[in-house]
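To start, the structure under review is shown below, and the notes come after it.
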Amino acid sequence: MAKKKTKKQDWRQAVPAAMRQAAERRYGAAAPSFNYRWEHVTAVVTLAKRLAALTGADAEVVEAAAWLHDIRKEMKQAHPQEGAKFAREFLPKTDFPKKKIEAVAQAIEQHMGLWRNEPLTNLEAQVLWDADKLAKMGLTMAFHLTGWQLTGGKSATLADIIGHGREADWMLKTLASFHTKPARRAAKKRFKAYWKLWDKLEKELNGRDLG
Ligand SMILES: [Fe+2]
Ligand SMILES: [Fe+2]
(Lines give C-alpha, C1' and ligand atoms only; values in the text may rest on other atoms or scores of the structure.)
(Ligands and ions follow the chains in the order given, each with its own letter.)
Protein backbone atom coordinates (compact mmCIF):
# COMPACT_ATOMS: atom_id res chain seq x y z
CA MET A 1 0.00 0.00 0.00
CA ALA A 2 1.35 3.41 -0.93
CA LYS A 3 2.36 5.54 2.03
CA LYS A 4 -0.06 8.38 2.53
CA LYS A 5 1.69 11.71 2.26
CA THR A 6 0.90 14.00 5.21
CA LYS A 7 0.04 17.52 4.17
CA LYS A 8 2.74 20.01 5.10
CA GLN A 9 1.79 23.00 7.21
CA ASP A 10 1.51 26.44 5.64
CA TRP A 11 4.80 28.03 6.72
CA ARG A 12 3.31 31.52 6.97
CA GLN A 13 1.03 30.23 9.73
CA ALA A 14 3.31 27.63 11.31
CA VAL A 15 6.41 29.83 11.68
CA PRO A 16 4.75 32.77 13.54
CA ALA A 17 2.79 30.26 15.66
CA ALA A 18 6.04 28.55 16.71
CA MET A 19 7.52 31.93 17.70
CA ARG A 20 4.35 32.94 19.55
CA GLN A 21 4.59 29.74 21.61
CA ALA A 22 8.25 30.43 22.40
CA ALA A 23 7.45 34.01 23.45
CA GLU A 24 4.62 32.84 25.71
CA ARG A 25 6.82 30.15 27.25
CA ARG A 26 9.39 32.80 28.03
CA TYR A 27 7.00 35.09 29.86
CA GLY A 28 4.67 32.51 31.36
CA ALA A 29 1.39 31.17 30.01
CA ALA A 30 -0.77 33.96 31.41
CA ALA A 31 -0.67 36.82 28.94
CA PRO A 32 1.76 39.38 30.35
CA SER A 33 0.82 43.01 29.97
CA PHE A 34 3.85 43.41 27.71
CA ASN A 35 5.71 40.55 26.04
CA TYR A 36 9.00 42.13 25.02
CA ARG A 37 10.15 39.13 22.98
CA TRP A 38 6.99 39.10 20.88
CA GLU A 39 7.03 42.87 20.41
CA HIS A 40 10.70 42.76 19.35
CA VAL A 41 10.30 39.86 16.92
CA THR A 42 7.19 41.27 15.25
CA ALA A 43 9.00 44.61 14.82
CA VAL A 44 12.00 42.79 13.28
CA VAL A 45 9.70 40.89 10.87
CA THR A 46 8.09 44.13 9.66
CA LEU A 47 11.45 45.87 9.21
CA ALA A 48 13.07 42.84 7.55
CA LYS A 49 10.25 42.51 5.01
CA ARG A 50 10.44 46.19 4.18
CA LEU A 51 14.24 46.08 3.91
CA ALA A 52 14.05 43.00 1.66
CA ALA A 53 11.73 44.88 -0.70
CA LEU A 54 14.11 47.88 -0.73
CA THR A 55 17.31 45.89 -1.24
CA GLY A 56 16.20 42.97 -3.41
CA ALA A 57 16.98 40.36 -0.74
CA ASP A 58 15.01 37.11 -0.92
CA ALA A 59 11.73 37.97 0.81
CA GLU A 60 10.88 34.42 1.92
CA VAL A 61 14.32 33.77 3.42
CA VAL A 62 14.29 37.08 5.25
CA GLU A 63 10.74 36.71 6.59
CA ALA A 64 11.27 33.18 7.92
CA ALA A 65 14.65 34.13 9.42
CA ALA A 66 13.15 37.20 11.12
CA TRP A 67 10.38 35.13 12.72
CA LEU A 68 12.77 32.46 13.97
CA HIS A 69 15.95 34.42 14.80
CA ASP A 70 15.26 34.62 18.56
CA ILE A 71 13.15 31.47 18.96
CA ARG A 72 15.81 29.90 21.23
CA LYS A 73 16.63 33.11 23.09
CA GLU A 74 16.75 31.19 26.37
CA MET A 75 20.04 29.71 25.07
CA LYS A 76 21.62 33.18 25.46
CA GLN A 77 25.00 33.34 23.62
CA ALA A 78 24.21 30.11 21.77
CA HIS A 79 20.75 31.25 20.62
CA PRO A 80 21.79 32.01 17.01
CA GLN A 81 23.20 28.49 16.53
CA GLU A 82 20.27 26.89 18.37
CA GLY A 83 17.79 29.02 16.39
CA ALA A 84 19.45 27.90 13.14
CA LYS A 85 19.16 24.28 14.28
CA PHE A 86 15.48 24.84 15.02
CA ALA A 87 14.94 26.30 11.53
CA ARG A 88 16.68 23.34 9.87
CA GLU A 89 14.43 20.93 11.77
CA PHE A 90 11.16 22.86 11.71
CA LEU A 91 10.97 24.33 8.21
CA PRO A 92 11.04 20.93 6.41
CA LYS A 93 7.77 20.12 8.22
CA THR A 94 6.18 23.09 6.47
CA ASP A 95 5.76 24.00 2.81
CA PHE A 96 8.66 26.46 3.01
CA PRO A 97 10.84 26.05 -0.13
CA LYS A 98 13.42 23.35 0.71
CA LYS A 99 16.25 24.92 -1.22
CA LYS A 100 16.00 28.13 0.82
CA ILE A 101 16.15 26.54 4.29
CA GLU A 102 19.93 26.67 4.58
CA ALA A 103 19.95 30.39 3.74
CA VAL A 104 17.43 30.99 6.57
CA ALA A 105 19.57 28.99 9.02
CA GLN A 106 22.73 30.86 8.03
CA ALA A 107 21.11 34.28 8.44
CA ILE A 108 19.90 33.27 11.92
CA GLU A 109 23.36 31.95 12.80
CA GLN A 110 24.95 35.29 11.90
CA HIS A 111 22.58 37.75 13.63
CA MET A 112 24.48 37.95 16.94
CA GLY A 113 26.04 41.09 18.37
CA LEU A 114 24.98 44.69 18.86
CA TRP A 115 27.81 45.81 16.59
CA ARG A 116 30.20 44.20 14.13
CA ASN A 117 33.91 44.66 13.46
CA GLU A 118 33.59 42.92 10.10
CA PRO A 119 30.47 43.36 7.97
CA LEU A 120 28.44 40.32 6.93
CA THR A 121 28.70 39.45 3.25
CA ASN A 122 25.42 37.70 2.44
CA LEU A 123 22.52 40.04 1.62
CA GLU A 124 19.81 38.10 3.50
CA ALA A 125 22.03 37.85 6.60
CA GLN A 126 22.77 41.59 6.31
CA VAL A 127 19.06 42.41 6.10
CA LEU A 128 18.22 40.29 9.17
CA TRP A 129 21.09 41.81 11.13
CA ASP A 130 20.06 45.35 10.15
CA ALA A 131 16.36 44.77 10.94
CA ASP A 132 17.21 43.23 14.32
CA LYS A 133 19.41 46.17 15.33
CA LEU A 134 17.07 48.80 13.89
CA ALA A 135 14.39 47.43 16.24
CA LYS A 136 16.77 48.21 19.11
CA MET A 137 17.02 51.88 18.20
CA GLY A 138 14.78 54.92 18.18
CA LEU A 139 11.37 55.39 19.73
CA THR A 140 10.71 51.66 19.26
CA MET A 141 13.56 50.84 21.61
CA ALA A 142 12.56 53.53 24.10
CA PHE A 143 9.01 52.16 24.35
CA HIS A 144 10.11 48.52 24.32
CA LEU A 145 12.51 49.30 27.12
CA THR A 146 9.80 51.10 29.06
CA GLY A 147 7.36 48.20 28.67
CA TRP A 148 10.06 45.71 29.58
CA GLN A 149 11.04 47.69 32.64
CA LEU A 150 7.46 48.18 33.85
CA THR A 151 6.64 44.49 33.55
CA GLY A 152 9.92 43.33 35.08
CA GLY A 153 8.48 42.84 38.55
CA LYS A 154 10.57 45.62 40.09
CA SER A 155 9.21 49.07 40.74
CA ALA A 156 10.54 51.66 38.36
CA THR A 157 10.10 55.40 38.38
CA LEU A 158 10.23 57.43 35.18
CA ALA A 159 13.64 58.65 36.35
CA ASP A 160 14.77 54.99 36.54
CA ILE A 161 13.51 54.38 33.02
CA ILE A 162 15.37 57.45 31.73
CA GLY A 163 18.52 56.32 33.54
CA HIS A 164 18.25 52.84 32.12
CA GLY A 165 17.57 54.20 28.63
CA ARG A 166 20.75 56.25 28.80
CA GLU A 167 22.84 53.18 29.57
CA ALA A 168 22.69 52.27 25.87
CA ASP A 169 26.28 53.34 25.17
CA TRP A 170 26.61 50.53 22.60
CA MET A 171 24.30 52.36 20.22
CA LEU A 172 27.02 54.43 18.59
CA LYS A 173 28.91 51.27 17.64
CA THR A 174 25.68 49.74 16.35
CA LEU A 175 25.10 52.84 14.24
CA ALA A 176 28.48 52.31 12.55
CA SER A 177 27.73 48.63 11.79
CA PHE A 178 24.67 48.76 9.54
CA HIS A 179 25.04 47.10 6.15
CA THR A 180 22.24 48.35 3.93
CA LYS A 181 21.72 51.95 2.88
CA PRO A 182 18.05 52.29 3.91
CA ALA A 183 18.75 50.78 7.34
CA ARG A 184 21.75 53.07 7.89
CA ARG A 185 19.68 56.10 6.99
CA ALA A 186 16.82 55.11 9.32
CA ALA A 187 19.28 54.20 12.09
CA LYS A 188 20.74 57.72 12.09
CA LYS A 189 17.26 59.21 12.57
CA ARG A 190 16.36 56.64 15.21
CA PHE A 191 19.59 57.29 17.09
CA LYS A 192 18.83 61.01 17.29
CA ALA A 193 15.18 60.45 18.26
CA TYR A 194 16.16 58.01 21.00
CA TRP A 195 18.54 60.36 22.82
CA LYS A 196 16.34 63.38 22.27
CA LEU A 197 13.37 61.58 23.82
CA TRP A 198 15.11 61.06 27.18
CA ASP A 199 16.28 64.69 27.22
CA LYS A 200 12.79 65.96 26.44
CA LEU A 201 11.14 63.72 29.00
CA GLU A 202 13.60 64.77 31.67
CA LYS A 203 13.01 68.40 30.79
CA GLU A 204 9.26 67.94 31.25
CA LEU A 205 9.64 66.09 34.53
CA ASN A 206 11.91 68.79 35.89
CA GLY A 207 9.64 71.54 34.59
CA ARG A 208 12.52 73.02 32.66
CA ASP A 209 10.20 73.47 29.68
CA LEU A 210 8.46 76.19 31.72
CA GLY A 211 11.29 78.53 30.86
FE1 LIG B 1 19.02 37.50 18.91
FE1 LIG C 1 16.42 39.88 17.96
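With a probe of 1.4 Å, find how much accessible area region 13-121 has per residue, and write the answer as a whole number in Å².
Numbers: 5480 Å² over 109 residues.
Dividing the accessible area of region 13-121 by its residue count gives 50 Å².
Helix 181-205 and the longest principal axis of the C-alpha atoms of the chain enclose an angle of approximately 40°.
Rounded if a/c is under 1.5, else prolate if a/b is larger than b/c, else oblate: which is region 11-206, with a ≥ b ≥ c the root eigenvalues of its Cα gyration tensor?
Numbers: a/c = 2.26, a/b = 1.40, b/c = 1.62.
Since a/c reaches 1.5 but b/c is at least a/b, the shape of region 11-206 is classed as oblate.
Between the helical axis of 11-27 and the longest alpha-carbon principal axis of the chain there is an angle of about 50 degrees. Only protein atoms count toward the accessible area here, which uses a 1.4 Å probe; on region 19-170, the carbon and sulfur part of that area reaches 54 percent. Dipole size of the chain about its Cα centre, with +1 on Lys/Arg Cβ and -1 on Asp/Glu Cβ: approximately 560 debye, rounded to the nearest 20. Mind checking the angle between helix 79-90 and the chain's longest principal axis? C-alpha axes, 0 to 90 degrees, to the nearest 10. For 79-90 against the chain, the angle is about 30 degrees. Since only Phe143, Thr94, Met112 are under comparison, the one whose Cα sits farthest along the positive direction of the charge dipole of region 84-163, derived from C-beta charges on Lys, Arg, Asp and Glu, is Thr94.
Once the C-beta distance of Arg26 and Lys181 is scaled by a Förster radius of 35 Å, the resulting FRET efficiency is 0.55 to the nearest 0.05. Rounded to the nearest 0.05, the FRET efficiency derived from the C-beta distance between Gln77 and Asn122 at R0 = 25 Å is 0.70.
So what is the relative contact order for the chain, in percent, with contacts set as C-alpha pairs under 8 Å and at least six apart?
Dividing the mean separation by the residue count of the chain yields 21 percent.
Note on exposure: Met141, Met112, Met171 ranked by accessible area (1.4 Å probe, complete protein assembly) read Met112, Met141, Met171, with the most exposed listed first. Determine which lysines satisfy two conditions relative to Lys200: a Cα distance under 20 Å, and not lying fewer than 8 residues away in the same chain. Hits, sequence-local ones excluded: Lys136, Lys188, Lys189, Lys192.
The helix-only estimate of mean residue ellipticity at 222 nm for the chain, built from DSSP H runs of length n ≥ 4 each weighted as -39500 (n - 2.57), is -19500 deg cm²/dmol after division by the residue total. Of all lysines in the structure, the ones whose alpha carbon falls short of 24 Å from that of Lys85, not counting any fewer than 8 places away in one chain, are Lys7, Lys8, Lys49, Lys73, Lys76, Lys93, Lys98, Lys99, Lys100, Lys133. Reducing region 15-75 and region 150-211 to their Cα centroids gives an inter-centroid distance of 23 Å.
The values are calculated or read from the model by the stated rules, or taken from the named source; none is laboratory data. In this text, all values refer to a predicted model and were calculated from it rather than measured experimentally. Every residue, glycine among them, receives a Cβ derived from its backbone with ideal geometry; neighbour counts consider all protein chains shown. SASA here: full protein model, heavy atoms, side chains in, ligands and nucleic acids out. Shrake-Rupley method; radii C 1.70, N 1.55, O 1.52, S 1.80 Å.
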